[in-house]
Structure formats: structure tokens, C-alpha cells
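Read through the structure below, which is laid out as C-alpha cells, and then see the notes.
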Amino acid sequence: MQPDDRNDFSQELSEWLEAFSDLAAEDPTRGAELLSTLSDQARALGVAAASPIVTRYRNTIPVSDEVPYPGDRQMERRIKAFLRWNAMAMVHNQNKKDPGIGGHISTYSSQATLLEVGFNHCFRGSYTGPNGEQLPGDFIYFQGHASPGVYSRAFLEGRFDEKRLGNFRHELRGEPALSSYPHPWLMPDFWNFPTVSMGIGPINAIYQARFMKYLENRGLIPVTDRKVWAFLGDGETDEVDSLGAIGVASREKLDNLVFVINCNLQRLDGPVRGNKRIIDELEGTFRGAGWNVLKVLWGADWDPLFASPVGDLLLQRMEECVDGEYQAFKARGPAYLRREFFGKYPELLDLVKDIPDEQLIRLHRGGHDPAKVYNAYLRAMQHKGGPTVVLAKTVKGYGLATAEARNATHSEKKLTDESLAYFVQRFDIPIPDEAARNGQLYRPPADSPEIQYMLARRAELGGQLPIRRVPETGFQAPSLDLFAEWLKGSGDRAVSTTMAFVAMLRHMLKDSEIGKLVIPIVPDEGRTFGMESVIRQVGIYAPEGQKYKPHDVDMLLYYREEKDGQILEEGITEAGSMASFTAAGTAYSNYGLPLIPFYIYYSMFGFQRIGDMAWAFADSRGKGFLMGGTAGRTTLNGEGLQHQDGHSHVLCGTIPTCVSYDPAYAYELSVILQDGMRRMYVQNEQIFYYITLYNEDYAQPALPEGKQRAAIAEGILRGIYKFKPAEKGKATVHLFGSGPILNEALRAQSILAEKFKVAADVWSVTSYNELRRNALEVERWNRLHPAEEERTPYIATALAGAKGPIIAASDYMKSMSDQLAPWIDFTPEAGGKRRLVSLGTDGFGRSDDRQHLRRHFEVSAEAIAAAALSKLARDGAFDPAKAAAAIASLGLDPDSPNPVTL
Ligand SMILES: Cc1ncc(C[n+]2csc(CCOP(=O)(O)OP(=O)(O)O)c2C)c(N)n1
Ligand SMILES: [Mg+2]
């Protein structure tokens, strides 16, 4: 373009701009329509004009669109100062008292305004339902490291006293304490959501918001304006869990969800994106995913500078800087800021020449300006049709003098005397120097204007937060009769426990009492478990219904999606499914609904994949049933190494509230499910279940009736019962079997009797984990009560009178059954030799059929029988030469390599 052409074009451009500005000012909707039509047209004409996904580095909401702040700014500033002081003093004091106890001060200091605007004007403590009933308030996922600030607020509100704050991170001293981080297990009346393992809060918040809509769409809760607020750190967004599910929120139009990302540009060690701007990156990511993005970058004191004739240059300068520089501008003081930032352009230097140093350095970032933050929150709350993220730019360690914006600020636990004095002076804390140096807490009198103001704001918003309540639900557990059909056995029909479970699930869904409370959750594996019929029966939840005619609509079991569908079909996301399971499994406290979630999945992709979320579920006092399908390293055949699970029972045993079972038969499963509902929802035990399901078909035996029934049911629940005694003679060896391997043990029993005249009892072990827990508890009691009569663990009671070695075989690692060794591994009659021989599936899975897999892992009937003979020989109860011959005749190669690493 020639210079003259350029002038003409500039002229033309300003005419276009003027016309557009007029239109947009008159009607912003038409302005937006014009823009999108123009960009469509550009695309159609092949004009390469990418629509910007990242906007200019300034606040999203123009000053002209801002509403005035609804609160008393001076009052709130004073309150916030007290909050900051007490949060800091609490951590500081505790670390003086107990060096190394830890805590954080710089996260809350950067976040105080973001939380306070919410507490004073946005977060609702309750909602009123259509019939005037009081409903739970907003759900807030607090950034874990900011917990001192939340405690500090509860202190000012009078919910905690000084003594309680003095027990921050001192939980084991017989007094009410404060947990390091948000934790419903440790503070069950206060915190709702455990968040500090970073990434877990954001993903759970998304699925919580979705679950809220699910409950509304199913008519289980009334529709309200309730919001889910999730506070995240900018460093936290590097966790895959934080951003990995944001698409769900826009896809499902979750306008009840607000993310607030505290962009203080730092994480623990250093800048989040020293060489770039994290806010730009997050803006692009969220906008690209369909979120409403609101940037709150600059405080109102920047407004006049932007409005000046060099405002565009100022913005340009801002866009030249990366986060590492922004951090340095705060950390290195006003002279540096003036020289390095404004000094690049004489016009900018001139712009701030009349601003004194102490004011220059305090030019606020948006996240520290209540009015800017409020405007963003208000927009977020009013936004319809999708989720909102507020990207708030803040300073890490705000107000902490020498710790402000330093790389080391995250780890700051104590302040120097000078920093304490500076703090007091900067935030006008009305305490004398001496008290300040001692980090004395400060709470104005209950009738002071500040406390009255805080309380009035919370009263206006429906009550204090956070709060966790567990309302009485009056749930009645169904009796075992509910599962009568599966107690009868299947006759000659071969059925897998998975098939049986799916039939039970359908039956439960039909039940008039519990049907609507059952929440089936699947991660795209419903068909793997034969759940097509469930899909047809209750439909898949789809907030927009089914907008298409499914290709299989003419079939009985077509893919049915419904607005009030009951199944949560998550797609291929175990993390998302676990988050749904968490929302449903905690609904008893969050919504007062005793929901019974059943999350059915490939057991291999359970604990090892979402282990942290499973812990968070336990931390949340979650209830429900995790159903590990296609379980067992040799029972799931063909799939090989990455699918065959031989360790989930070891992993689940690490979680204190996880009750786990590895049932062999449908009646065992029935007894476990019924008792689980009773324990969780009637007894209100804060536990959840992990139960493995298998896909091997075999005849399902019946649960004996009469007196025997109760004894067997007890054995099933405690973890062991004798399934089949030796047909002839007293057993000299005992075979333990779990899951489908119980059938191998039964076959081994026949082999031993028929070929070797050895009598064996077969036991069904439904839970090594439960047996061990019981034994540990009894052992502890015995240890602490040496003068009282010794108690016996259940495993010892069950085995009373049973003599001889025990061969324990399962489709799991040997460590599963080894767990019982301390209580059974002692045989006086065999000279004190080891009694327990564990057979299991340690090692890498392999592709083949079950027969070959069981032979390979040495859990086949032949391997069990051989192990029994070998052990009897070692104990002097069988001829060693005959045992050696038996090993060969049973098809085992004594010199074959160990399958563990094969
Ligand atoms: C999963 C997980 N990994 C690591 C940590 C340890 N950790 C605690 S805070 C922190 C830095 C947090 O930075 P950011 O998210 O930006 O929060 P800020 O304190 O800056 O607001 C780290 C790495 C953790 N809590 N959770
Ligand atoms: Mg950060």
C-alpha cells in the first residue's frame, strides 16, 4: 500500500469504526451479531482473519459498564485487615510455638479480596425453596492453602475462639482443632470439600455443578440460583485435573458454576509462566472451551491512566511485559517499577511523574479491588447458558512487606518483627507494637460496627459459610428379600456375577422405595457389563434430551437419552465418573438426599488411575458402591497386561473407610449390598464399598436357608465362611478361594480327594481386607488390655478346630491373602512352621484364555492341589516323593520361570 492509500484506508477504517460504535452503543446485541456475521462473511470470502481468542490485557468489563460497589468500602477494608492479621498471626504464632508445623500466609494474603467480596455480597448461606423451605446454600471449593483466612473469618464471626485458633494444626491434643486444609473428615461441621490436593477441587466442582442440574432435572431438588464457586491457584491449573474437564461445563451449560482463578503469577517455587502471561493462556483455554471469561486485571486507580491520552501506549507497554517482569515490578519496589516499566516510554514516565513512590507501587491489581471483583462476580452470577471463569490478577504475599511477590513467599511461615510492625501500620490494626510483635490475635468486640457489619451481611445472605450439615433422612434399608431371586441360585444356568449384579441393579431401580435414589454411573462401559437393558429402563441423563433419532430406535434396547434420565454415562473419563460418584456419594450431606451411587467400571482403571480422588471421596465422608467390573488378572482373559487387574484390592485396602469384598457368588453379593445400604444409610456409617465383579459364567449356588443362613451371611460380611467341607474324613488341609478362583479351589478339593486321598475343606474368603482390619483391632485391644481376657480375631474364631496348612488362592496379588499371616501363620502341630501359602497373580497380565492364564499364574485347580500336597510334604504329612510326582502329573513344570516378571 502506498502512503496515500494508507491514509485513505485509515479514513475508511475510522468511518467503519464510528458506525460500529454507534450501533454497539445503541444495541450491544446487534453489535455482536454484526461482528459475527462479518467474520462469517470473511471466512466465506477466504479472508484469513482469525477471531482473537485472547483479548487485550485489560479488564473485560469496561468502566462504563460497572455498577457501584454495594458495600461499605471503608468498613470492609477494616474487616479485611483484621482477617489478614489474624490469619497471618495464627500461622506465625503456631510456627513460633512449634517450629516446622507449617501453614501458609501468602496465598490468603493474595486472595483476601476475592473471598471477602464473595462473603459480603455473593455467597449464599441458604436458599428458600418453592414451599418456603430452607435449602442448602452455595457450594464453595476453597483454595486449600488459603484456609487460614477462612478460619480467621470464622474467628471474627465468633464461630471459633482464640483457643481453637491456637490449635491450628494441633489436632491430637484432646481439644477441638483446626485442620491444615479444608477437610470434612477432620472438621465435619465446617468443611464440605477437600481441595488441597491440587486439581481435585476444580474437577469435583465441575461435576458437582453438573450433578446439581441432574438433580434438578430429575425433580429431586427444586431449581434454585445455587452456585458452585471454585477457587483455584494459577499454578494449580497445570494439574490435568484442573482443566481436563472444563469442556463438560460448557457442553452442559453449567451457568451455576463460577471458577475464580487467583492469578498471583506464582506457584510454590517461582513464577507460573515467567516467560509468558498465564492470564492470556488461561483466557484462551477457557474461551476456546466455551466459557464466559472475565478478566479482572487492573484496579480502579489505573482507570484514569488508561483514560489519559497515552492510555493505548500504557496498554501496549503492559502487553510487552511477561509475568516474570510483573513479579519483579512488585518485588523490587517503586523506583524499579518507574524505571523499568514506565521508563521505557517517556510519555508513560511523564504520565506518572506526579504520582509519589508509595502510591505508584500500590497501583492495584484487579484482584485487590473490591469493586472490580464485585462487578465480575455479579456478571458471573447473572450469566446464563454457560460457566464463567474470573481471572483475577493479584500479588502473592500481598502486604507482607519483604515477602511480597518473592519466589520464596509461598514457604513463608513467620514474619520478622519489622514485617509484623509494617503489617500493623499498613493495615491499621489497632494493637500496640508489643502485642504486634507477639502476633497477638485481634477481634473487635461483638458489638463493634465491624463485627455487626460482617454478621449482618451473612444474615442477609442466608447464614454463615462454610458449614457442613448432615440432615436426618429417615432412610429405610430394604431387607434381604429385595434380592430373593439371587439367593436362590441360578440352577444349572451359567451366570457371571456381573450379569447378576446388572439384574440386581435393574431390580433396585424398579423398587418403589429406593429406585429413584439409585445413581448408576458408567464411563462408556455399560455394554461391557451388559447394561443395555438399564439404559433402556431408566435412560441416560442428557440435559437437552435426545435431539436425534437413534439408529437403533427400532430395537428394544435402544440408546435412550432423556432430560430426566437416571444413568450418568460419563464417556471415557474415570476421573469425571469418580467426580460424579463423589457428588452423588456426598449428596446425603450436601443436599440431604441419601443417594446410592453405583459406579461400575473396569476395575483396572479404578484405584490405580484415580487414587487421589478416591482418597478425596473418603475425606469427604462419601458413601456408595464402587463396582470393579471385569475384575481379576486371570478372569478377564484376552485383554492382557494393561487391562487385567490383580491389585485393586490391595490399593483399596489402603483407604480407611473403604470396605471391600471379592465375592464369588451372586448370593454373597446380595448379602453385601443389602448390608452396605443398611450400614451406610441407616446406621449412618461413613464408609463406602469396593466390590469386584467378574465376567466368568458359572452356575450360581443358592444361599442355604434356615439357621445356616444367618451364620453364612455373617461369614460373608466378616470375610470368611466354610463353603464346602471335605466329603470324606476330617480335612488336613484348607483351601481358601475368592471370586471365581473359589471354583478352582473346589476343583482342587476334588482332585485332592480323588487322586491323592487328601481331605480338604474349601472356604470362601470374601474379604481379606475386612478380616485383617478386624484382627488388627482385636490385637490392639489385647495389647492395651494385657490384664483382661484375650479376645480372638474373627479369622481365628472362624478357623477354630481347623488344622493343617492353608492354601489361599485368589485372582489378586499374593499380598492380599498374606495380610492374614500374623493370625494364622502358626502351626504348633507342624513344629511352628508357616501355615499360610498364598497363591495369587503377581506380575504382568497376559493375553490368553482363562485356563492358560490360571496355569501361568499358578492359581488353577491343579496348582492349588499341587501347592497343598507340597506343603503337606514339607510339614511331614505327605510323602515328598509323591508330592514331587504329583506336581508333574498335575501338569506343573517345577523348573519353569517365575511368572512374576515373565
Ligand atoms: C497435587 C498437589 N501437588 C503439589 C502440592 C504442593 N503445593 C502446595 S501449594 C503449591 C503451589 C500453589 O500454587 P498456586 O496454585 O499458584 O497457588 P497460590 O498459593 O499461588 O495461590 C504446591 C506445589 C499439592 N498441594 N497438591
Ligand atoms: Mg499462584
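Roughly how tilted is helix 768-784, in degrees to the nearest 10 and between 0 and 90, from the longest Cα axis of the chain?
Roughly 90 degrees between the two axes.
Please give me, ordered by residue number, the GluC sites (Glu not before Pro) of the stretch 670-744 that lie in loop per DSSP and have at most 15 other Cβ atoms within 10 Å.
GLU685, GLU705, GLU727
For the stretch 465-568, what is the relative contact order in percent, using Cα pairs closer than 8 Å and at least 6 residues apart in sequence?
23 percent
Residues with amide H under 5 Å of TYR559's amide H, sequence separation 5 or more or different chain, H placed in the peptide plane at 1.01 Å from N; which?
Those lying under 5 Å, H to H, from TYR559 are ASP552.
Got a sec to turn the phi values of the stretch 356-362 into Karplus ³J(HN,Hα) couplings, 6.51 cos²θ - 1.76 cosθ + 1.60 with θ = phi - 60°, whole Hz, x for Gly and Pro?
x, 3, 5, 7, 4, 6, 9
Once the dipole of the stretch 334-416 is set up with Lys and Arg at +1 and Asp and Glu at -1 on Cβ about the Cα centre, which of LEU348, VAL395, PRO334 lies farthest towards its positive end?
About the Cα centre, the residue reaching furthest to the positive side is VAL395.
Stokes-Einstein diffusion coefficient for the stretch 356-415 at 20 °C in a medium of 1.002 mPa s, Rh from the Kirkwood formula over Cα pairs: what value in µm²/s?
The estimated diffusion coefficient comes to 156 µm²/s.
For the chain, give the magnitude of the charge dipole about the Cα centre (Cβ charges: +1 Lys/Arg, -1 Asp/Glu; no others), in debye to the nearest 20.
2500 debye
Which net charge results when you count Lys and Arg as +1 and Asp and Glu as -1 among the other residues whose beta-carbon is under 11 Å from that of MET680?
Net charge in that neighbourhood comes out at +2.
Can you work out the Karplus-derived ³J(HN,Hα) for every residue in the stretch 419-428? Use 6.51 cos²θ - 1.76 cosθ + 1.60 with θ = phi - 60°, whole Hz, and x for glycine or proline.
Using θ = phi - 60°, the values come out as 5, 5, 5, 4, 4, 4, 6, 5, 9, 6 Hz.
Mind grabbing the base-10 log of I(q)/I(0) for the stretch 722-839 at q = 0.19 Å⁻¹? Debye formula, identical points on the C-alpha positions, no solvent, two decimal places.
Here the Debye-derived log intensity ratios amount to -1.02.
Could you sort out which of LYS344/LYS372; LYS516/LYS563; LYS97/LYS163; LYS80/LYS372; LYS510/LYS547; LYS803/LYS833 sit more than 19 Å apart by Cα distance in this structure?
Flagged as over cut-off: LYS344/LYS372; LYS510/LYS547.
Ranked from highest to lowest mean number of other Cβ atoms within 10 Å per residue, what is the order of the peptides 375-384, 500-509?
The most tightly packed comes first, giving 500-509, 375-384.
Test of the criteria: in the stretch 38-86, which trypsin sites (Lys or Arg not before Pro) are in a DSSP loop and have at most 15 other Cβ atoms within 10 angstrom of their Cβ?
ARG56
Any chance you could check the Cα centroid distance between the stretch 299-325 and the stretch 414-435 for me, in angstrom?
Each part reduced to its Cα centre gives a spacing of 33 Å.
Out of all DSSP beta bridges with both ends in the chain, state the antiparallel percent to the nearest 5.
Of those bridges, close to 20 percent are antiparallel.
Could you tell me which trypsin sites (Lys or Arg not before Pro) in the stretch 730-833 are loop residues by DSSP with no more than 14 other beta carbons within 10 angstrom of their beta carbon?
Here the trypsin sites (Lys or Arg not before Pro) that fit, given the DSSP loop and packing criteria, are LYS730, LYS757, ARG791.
In whole Hz, what ³J(HN,Hα) sequence does the stretch 793-805 give by Karplus (6.51, -1.76, 1.60; θ = phi - 60°), x for Gly and Pro?
So the J values, rounded to whole Hz, are x, 4, 4, 6, 4, 4, 8, 3, x, 7, 10, x, x.
Please give the net charge around ASP138, taking every other residue with its beta carbon less than 10 angstrom from that of ASP138, where Lys and Arg add +1 and Asp and Glu add -1.
Once all neighbours under 10 Å are counted, the net charge is +2.
Need the C-alpha centroid separation for the stretch 14-59 versus the stretch 127-191, integer Å.
Taking the Cα centre of the stretch 127-191 as reference, the centre of the stretch 14-59 is 47 Å away.
Test of understanding: extend the Cα→C-beta vector of LEU38 to 7 Å, then name every residue of the stretch 5-31 with backbone N under 18 Å from that spot.
It comes to 8-31, nothing else.
Starting from the Cα coordinates of the chain, work out the convex hull volume and express it per residue in Å³.
Looking at the chain, the number lands at 222 Å³ per residue.
Between beta-carbons, use under 14 Å as the cut-off and find the net charge around LYS353, counting Lys and Arg +1, Asp and Glu -1.
-2
Using 18 Å as the cut-off for backbone N distance, which residues of the stretch 513-552 belong to the label zone defined by a point 7 Å from the Cα of GLN476 along Cα→Cβ?
So the set is 513-518.
Which whole-angstrom value gives the distance between the alpha carbon centres of the stretch 658-678 and the stretch 470-509?
For the stretch 658-678 versus the stretch 470-509, the Cα centre distance is 10 Å.
Quickly work out the ARG218-to-GLU175 label distance, labels modelled 7 Å from Cα along the C-beta direction, and quote it in nm with one decimal.
About 4.5 nm separates the two model spin labels.
Residues with amide H under 5 Å of PHE168's amide H, sequence separation 5 or more or different chain, H placed in the peptide plane at 1.01 Å from N; which?
Amide H to amide H, under 5 Å and 5 or more residues apart or across chains, PHE168 pairs with LEU178.
Each reported figure results from applying straightforward, stated rules to the coordinates on display, with no laboratory input. Only a predicted model underlies this, so the values are computations on that prediction, with no experimental measurement involved. With ideal geometry, Cβ positions are generated from the backbone for all residues, glycine too; neighbour counts draw on all protein chains shown.
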